Amino acid sequence: MAKHTTILSSVLAGSLLATVAAAQAPAAPKLPYAAVHDPEFISVAEATFMSAEDRIIGVMDGATAKAYPAGILSQHGLVEDRSRSGMIAITW
C-alpha cells in the first residue's frame with residue numbers, strides 16, 4: 001500500500017516556510033491492521049464460519065449484493081473494493 005503524504009509546499013506554491021514545515025512533519029503513524037484490497041467473495045453456502053447473529057455491512061450494486069462481515073472488518077479496518085461506479089471503501 002502506498003503511503004499518502006501531504007506536502008504543504010504544494011498548497012502554498014513553494015513558500016520557504018511551507019518547505020521547512022513539510023521537511024519537519026512527522027511520519028504518518030503505522031496502522032495496527034492491514035487493509036484488504038480487491039477482496040475475493042464466496043457464496044453464501046461456503047460461508048460456514050458465519051451465523052445468523054453475525055453483523056455485516058451490505059452493499060447492493062445493481063443486481064449484485066455483497067456482504068462484508070464485521071468480524072473480518074474489525075481485523076482489517078478497511079476494505080477497498082470496486083463497484084460499477086468506481087472504487088469504494090468499507091470501514092468498521
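The values are calculated or read from the model by the stated rules, or taken from the named source; none is laboratory data. Computed from a predicted model, the values in this text were never measured in an experiment. Ideal geometry is used to build each Cβ from the backbone, glycine not excepted, and the neighbour counts take in all protein chains shown. Surface areas here come from the heavy atoms of the whole protein model, side chains and all, with no ligands, DNA or RNA. Shrake-Rupley method; radii C 1.70, N 1.55, O 1.52, S 1.80 Å.
Scan region 47-91 for residues that are part of a loop (DSSP other than H, G, I, E, B) and touching a strand residue (DSSP E or B) at 6+ places or on another chain (Cβ under 7 Å) and the total you get is 4. All conditions in (1) open to solvent by 90 Å² or more (accessible area, probe 1.4 Å); (2) in a loop (DSSP other than H, G, I, E, B); (3) modelled with pLDDT under 75; (4) aliphatic (A, V, I, L, M) hold for A28, with the sole exception of (1). One residue is enough: does region 45-66 have a residue meeting the conditions among the β-branched types (V, I, T) and surrounded by fewer than 10 Cβ atoms within 10 Å (Cβ to Cβ)? Checked against the condition, which is being among the β-branched types (V, I, T) and surrounded by fewer than 10 Cβ atoms within 10 Å (Cβ to Cβ), region 45-66 yields at least one hit.
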